[in-house]
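S.K.: Below is a structure I'd like to ask you about.
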Amino acid sequence: MTALRTAIAWPNDKVYLFFDDDTYHRYDAITGSFEQGSLDVRAEWGLAGSPEAFVWWGAGTAYALTGETYVRYDQVARRVDPQCAPPNPPFSFADDWAGLPDGSDGGTNWQVGIDAAMNWGTGKLFLFKGAEYVRYDITEDQVDDGYPLPVADHWPEVFSRDLDAAVYPGGRFAYFFRGDDYQRYDVDADTVVDSGTLSSGFRLAPTPSGALVPARLLTLPQANRQMADLIRRGKLTLKSPAFVDGPSGITSPTPAQRVTVGPPTLDGIRYTNALNPAANFFDNVDQRMLLALYRLTRWINSSRPDVTELFHLGIGHGSGPSNDCHNQGRALDLSAIGGTLDGTSFNKSIKADWGQLPAPAGGGAVRISPSHDALAYGLFTTAFRFATYECEANGIGSANKWPMPRLGGSGFVIYPDYGGDPALRAAHQDHVHMQVGPTRI
């Protein structure tokens with residue numbers, strides 16, 4: 001029997017299991033069912049064979065990892081990035097994955113290969129090797145401080161060592177594999193809830209369509225079904241229209257309806273209107289933007305500090321014409337982030353802690369820095385990078401292309417150090433603007 005080598009969830013509602021004979025199986029994440037097996041990795045993916053780990057990065061990009069090297073994979077072109085393809089050599093783990101332990105302290109050398117990797121949908125990857133794991137931040141492109149840690153201490157009931165694969169298709173469940181065995185992990189309950197063997201008919205739990213699709217590319221029906229899933233899981237509550245679940249799925253709201261969320265809390269984080277803090281709802285929100293708002297709470301609270309509140313200058317309304325993204329409920333003006341760090345409350349304002357900072361020495365383009373204010377820098381750069389991955393970045397919809405904009409550049413995410421139109425930069429000294437869809441339709 002061939003052995004499982006790795007697994008990956010793809011933003012086409014499919015999950016792929018790769019085996020050591022260079023074949024793969026395809027599963028449908030929407031129904032959970034097996035679709036087709038023993039397909040040729042080389043012919044279908046253009047890879048040299050089944051990688052040791054394969055992880056979805058986001059923004060149209062994945063990474064196939066084998067031994068000390070990796071290749072970047074282009075989702076749209078469905079090919080290995082030409083920079084990594086022969087006659088060019090693959091990229092080096094040691095050179096490009098910052099913070100991976102090299103074993104010089106007597107511990108494990110992670111730079112010579114890993115066992116499994118998965119994208120947690122929070123701006124973080126989890127990489128596993130032996131009995132340990134690290135959390136890798138795609139915002140900072142480095143391993144988070146304090147890792148590696150023991151799997152057994154931090155992943156309740158998961159195989160404690162020597163994983164073959166791990167995969168998260170979005171939604172409520174993730175999967176861990178070792179040998180012929182698998183475990184289904186409940187993300188909400190933070191524990192294993194089911195287990196079995198691949199050979200006895202492995203199936204996925206159904207996941208709403210578009211779980212890995214950026215908010216900017218979601219269709220209205222996809223956003224509607226994902227919103228319903230979040231309501232059922234207790235992640236948010238609609239004030240209007242009334243949420244009505246029918247025998248075959250949600251019947252209200254319809255996909256095209258804008259919604260009112262009340263209380264204005266998504267997965268435990270409150271969206272507070274800085275202009276009207278007492279408001280206990282936000283309204284007129286496009287359902288695709290609602291998914292972006294939910295996903296932002298997962299990104300911003302994926303590691304220390306403990307974020308409890310996101311302040312904004314507008315969700316669902318603006319001062320422009322009726323066809324403007326704000327008035328159509330497709331934009332967020334994020335103005336501050338609040339929470340606690342080691343038991344001490346904080347409130348970091350984009351105006352005070354970014355927009356009013358002096359110009360950097362040496363004529364640099366970006367004023368915030370970890371040396372000046374590590375907390376503000378971490379929060380604001382995470383929000384910025386989130387927006388480039390989930391909202392409009394350097395184009396509209398499918399026109400967005402890798403690589404995503406970096407701080408100091410231009411595009412559709414607008415902020416105090418915006419490098420595009422000076423008038424837009426001047427108007428965004430107190431908030432970060434992010435949107436889904438065109439500015440006006």
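Each reported figure results from applying straightforward, stated rules to the coordinates on display, with no laboratory input. This is a predicted model, so every value here is computed, not measured. Here Cβ is always computed from backbone atoms with ideal geometry, including for glycine, and neighbour counts include all displayed protein chains.
S.K.: If you place +1 on the Cβ of every Lys and Arg and -1 on the Cβ of every Asp and Glu, how big does the dipole about the Cα centre of the chain come out, in debye to the nearest 20?
M.R.: 1540
S.K.: Between beta-carbons, use under 12 Å as the cut-off and find the net charge around Leu220, counting Lys and Arg +1, Asp and Glu -1.
M.R.: +3
S.K.: For segment 1-90, what class follows from the C-alpha gyration tensor (a ≥ b ≥ c being the square roots of its eigenvalues): rounded when a/c is under 1.5, otherwise prolate if a/b is larger than b/c, else oblate?
M.R.: Values: a/c = 1.96, a/b = 1.35, b/c = 1.45.
Oblate, because a/c is 1.5 or more while a/b does not exceed b/c.
S.K.: In deg cm²/dmol, rounded to 500, what helix-only [θ] at 222 nm does the chain give when every DSSP H run of at least 4 residues adds -39500 (n - 2.57) and the total is split over its residues?
M.R.: On the way: 7 runs with 63 residues, N = 441.
Mean residue ellipticity at 222 nm (helix-derived): -4000 deg cm²/dmol.
S.K.: While we're looking at this one, here's another question. For segment 4-200, count the residues as N, evaluate 2.2 N^0.38 Å, and divide the Cα radius of gyration by that value, please.
M.R.: With N residues counted in segment 4-200, Rg over 2.2 N^0.38 Å equals 0.97.
S.K.: Taking H as built 1.01 Å from N, whose amide H comes closer than 5 Å to the amide H of Phe54, not counting residues under 5 places away?
M.R.: Close amide H contacts, sequence-distant or interchain: Ala7, Leu65, Ala117.
S.K.: Now for a different question. Just want to confirm a number: the relative contact order over segment 215-435, from Cα pairs under 8 angstrom separated by 6+ residues, in percent.
M.R.: The value is 16 percent.
S.K.: For segment 112-200, what's the radius of gyration and Dmax over Cα atoms, in angstrom?
M.R.: Final numbers for Rg and Dmax: 12.7, 41 Å.
S.K.: Quick one: what are the phi-derived ³J(HN,Hα) couplings along segment 315-329, Karplus 6.51/-1.76/1.60 with θ = phi - 60°, whole Hz, x for glycine and proline?
M.R.: Result, ordered by residue: 9, x, 8, x, 9, x, x, 5, 8, 6, 4, 5, 6, 9, x Hz.
S.K.: Cα centroids of segment 409-437 and segment 1-45: how far apart, whole angstrom?
M.R.: Here the two parts' Cα centres lie 41 Å apart.
S.K.: While we're on this one: Not counting the cut sites, what is the longest span of the chain without GluC sites (Glu not before Pro) that DSSP labels loop and that have at most 15 other Cβ atoms within 10 Å?
M.R.: 158-441
S.K.: All other residues with a Cβ under 14 Å from the Cβ of Asp245 taken together, and with Lys, Arg as +1 and Asp, Glu as -1, what is their net charge?
M.R.: +2
S.K.: In terms of modelled amide H atoms, which long-range or inter-chain residues lie less than 5 Å from the amide H of Lys14?
M.R.: Distant-sequence amide H within range of Lys14: Ala29.
S.K.: Any idea what the relative contact order of segment 4-200 is, in percent, if you count C-alpha pairs under 8 Å spaced at least 6 apart? Provide the component values of the computation, followed by the final result.
M.R.: Values: 450 pairs, mean separation 28.0, N = 197.
Once divided by the residue count of segment 4-200, the mean separation gives 14 percent.
S.K.: Can you list, bin by bin at 10 Å, the percent of alpha carbon pairs in segment 215-435, starting at 0?
M.R.: Once binned at 10 Å, the Cα pair distances of segment 215-435 give 8, 34, 36, 18, 4, 1, 0.
S.K.: Follow-up question, since we're still on this one. Grab the other residues whose beta carbon is less than 13 angstrom from that of Tyr63, score K and R as +1, D and E as -1, and report the net. Let's see the in-between values first.
M.R.: Working: positive: Arg72; negative: Glu52, Asp74, Asp81, Asp96, Asp141.
Net charge in that neighbourhood comes out at -4.
S.K.: Next question, about the same structure. Placing +1 at every Lys and Arg Cβ and -1 at every Asp and Glu Cβ, with all other atoms neutral, what dipole size does segment 215-435 have around its Cα centre, in debye to the nearest 20?
M.R.: The calculation lands at about 420 debye.
S.K.: With springs only between Cα atoms under 10 Å, which of Thr344, Thr254, Thr272 fluctuates most in a Gaussian network model of the chain?
M.R.: Thr344
S.K.: Follow-up question, since we're still on this one. Using the structure shown, select from Lys14/Lys401; Lys129/Lys348; Lys14/Lys124 the pairs with a Cα to Cα distance greater than 29 angstrom.
M.R.: On the way: Lys14/Lys401 22 Å; Lys129/Lys348 36 Å; Lys14/Lys124 21 Å.
Over 29 Å Cα-Cα: Lys129/Lys348.
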